[in-house]
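J.: Below is one structure. I have some questions about it.
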Amino acid sequence: MRSAADIARIGVPDPARELRYVIDAVALIRRELGGRVPLIGFAGSPWTVGTYMVEGGGSKTFGRIKRMMYEAPQDLHRLLALLAKATILYLNAQIAAGAQAVMLFDTWGGVLTPAQYAEFSLHYMAEVVDALTRQSEGRRVPNIVFTKGGGAWLEKIAAIGCDAVGVDWTTDLDTARQAVGGRVALQGNLDPAALFASADTLRAQTLSVLDNFGPGPGHVFNLGHGITPDVDPERVAVLVDTVRSYAVT
């Protein structure tokens, strides 16, 4: 997507048709889980998905989308508005298929200036959050908003109406807790690279994250970003066991 003409050619996909395989997968996974653990739905944020569409893949500088942001902001806003609509439909379809919570994952919001983040990323995530299904199967459907590199904006993220805010590993949870003031839960924030450490070191790092949040409710333990394919699953088992043991002590 490099021009107004490119953007004009795309539309909002129907999850029941173009993305049916995802919706079917959500329903299947929910059945197979059998109530053992909750199923969390997922979507990239409009800004993050937009970066891949404009750049054509990953990027170190995000030069193409930033150039569009400066040279033709109206085109970028048009693309982001389309993506926000698509994301709303996509997440609500996942909820209808059985997702019990949903997460909006903004991997690249942290490459923006504060003003750009508010205009091109947070604004569209707020639109998505505002339109999400909040009740399904007789219970509330929580939503989580996460921006990698967004530690300075946690208070603003918490103000858009989400239920939880994800925190990456560059911000301590006690600092994040002060920023959001108890308005939302926090999710995070172990450095994913800690999964390469020895079992003892991994346990120590995990306990440090739990201790950093401190006593009280409102913490969903997680990595500070995604798990990488080269991680030994046994290390994940060590992490999970450590968290569970902490919770019962």
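No value in this document is a laboratory result; all are computed from the given coordinates. Please read all numbers here as calculations on a predicted model, not as lab measurements. Backbone-built Cβ (ideal geometry, glycine too); neighbour counts: all protein chains shown.
J.: Note down the net charge around residue 117, summing +1 for each Lys or Arg and -1 for each Asp or Glu among other residues with Cβ under 11 Å from its Cβ.
T.: -1
J.: Round to a whole angstrom and tell me the spacing of the C-alpha centers of the range 28-85 and the range 88-125.
T.: Cα centres, the range 28-85 to the range 88-125: 7 Å.
J.: Please give every one of the aspartates and glutamates within straight-line cross-link reach of residue 148, meaning a C-alpha to C-alpha distance under 13 Å, and leave out same-chain neighbours fewer than 8 residues apart.
T.: 106, 168, 191
J.: Could I have the simple spin-label model distance between residue 71 and residue 178, label points 7 Å from Cα toward Cβ, reported in nm to one decimal?
T.: 4.4 nm
J.: Moving to a separate point now. Would you mind classifying the range 5-53 by shape? Square roots of the alpha carbon gyration tensor eigenvalues, ordered a ≥ b ≥ c; an a/c under 1.5 is rounded, otherwise it is prolate if a/b is larger than b/c and oblate if not.
T.: oblate
J.: Taking amide H atoms as placed 1.01 Å from N in the peptide plane, list the residues 5 or more away in sequence, or in a different chain, whose amide H sits under 5 Å from that of residue 136.
T.: 141
J.: Can you list the HN-Hα couplings for the range 81-88, worked out from phi with the Karplus curve (6.51, -1.76, 1.60; θ = phi - 60°), rounded to whole Hz and with x for Gly and Pro?
T.: 3J(HN,Hα) across the range 81-88, in whole Hz: 5, 4, 5, 4, 4, 5, 5, 4.
J.: Assuming R0 = 25 Å, what is the FRET efficiency of residue 131 and residue 18, from their Cβ-Cβ distance, to the nearest 0.05? Show your work: numbers first, answer last.
T.: Details: r = 19 Å, r/R0 = 0.78.
Plugging the Cβ-Cβ distance into 1/(1 + (r/R0)^6) gives 0.80.
J.: Taking every pair of distinct Cα atoms and averaging 1/r, then inverting, what Kirkwood hydrodynamic radius in Å comes out for the range 150-196?
T.: The answer is 10.8 Å.
J.: Related question: As a test of the formula, what do you get for the chain when each DSSP H run with n ≥ 4 contributes -39,500 (n - 2.57) and the sum is divided by the residue count, at 222 nm and rounded to the nearest 500 deg cm²/dmol?
T.: -14000 deg cm²/dmol
J.: What percentages make up the Cα-Cα pair-distance distribution of the range 191-249 when the bins are 5 Å wide from 0?
T.: P(r) over the range 191-249, rounded to whole percents: 3, 19, 32, 26, 13, 5, 1.
J.: Something else: Output ³J(HN,Hα) for the range 64-71: one whole-Hz value per residue in order, computed from phi by the Karplus curve 6.51 cos²θ - 1.76 cosθ + 1.60 with θ = phi - 60°, and x for Gly and Pro.
T.: 5, 6, 5, 4, 4, 4, 8, 7
J.: According to a simple spin-label model (label point 7 Å from Cα along Cα-to-Cβ), what is the distance in nm between residue 200 and residue 59?
T.: If labels sit at residue 59 and residue 200, their model points lie 4.6 nm apart.
J.: Could you give the length gained by full extension between residue 28 and residue 237, i.e. 0.36 nm per residue of separation minus their alpha carbon distance, to one decimal place?
T.: The residue 28-residue 237 span can extend by a further 72.8 nm.
J.: Follow-up. Can you tell me, using C-alpha contacts under 8 Å and at least 6 residues apart, the relative contact order of the range 191-249 as a whole percent?
T.: 52 percent
J.: Mind checking the full-extension length gain between residue 212 and residue 170? Use 0.36 nm per residue of separation minus the Cα-Cα distance, one decimal, nm. The partial results should precede the final answer.
T.: Values: separation 42, 0.36 × 42 = 15.12 nm, distance 1.30 nm.
Gain on stretching residue 212 to residue 170: 13.8 nm.
J.: Ok, one more. In a Gaussian network model over the chain where Cα atoms closer than 10 Å are linked, find which of 93, 179, 197 has the largest mean-square fluctuation.
T.: Greatest mean-square fluctuation among the candidates belongs to 197.
J.: Using the Kirkwood formula on the Cα atoms of the chain, what hydrodynamic radius do you get, in angstrom to one decimal?
T.: 19.2 Å
J.: Could you run the Karplus curve 6.51 cos²θ - 1.76 cosθ + 1.60 with θ = phi - 60° over the range 219-233 and give me ³J(HN,Hα) per residue in whole Hz, x for Gly and Pro?
T.: 10, 9, 5, 6, 6, x, 6, x, 6, 9, x, 8, 7, 6, x
J.: Another question, then. If you take every residue apart from residue 104 with its C-beta less than 13 Å away from the C-beta of residue 104, what net charge results, scoring Lys and Arg +1 and Asp and Glu -1?
T.: Taking every Cβ under 13 Å from that of residue 104, the sum is -3.
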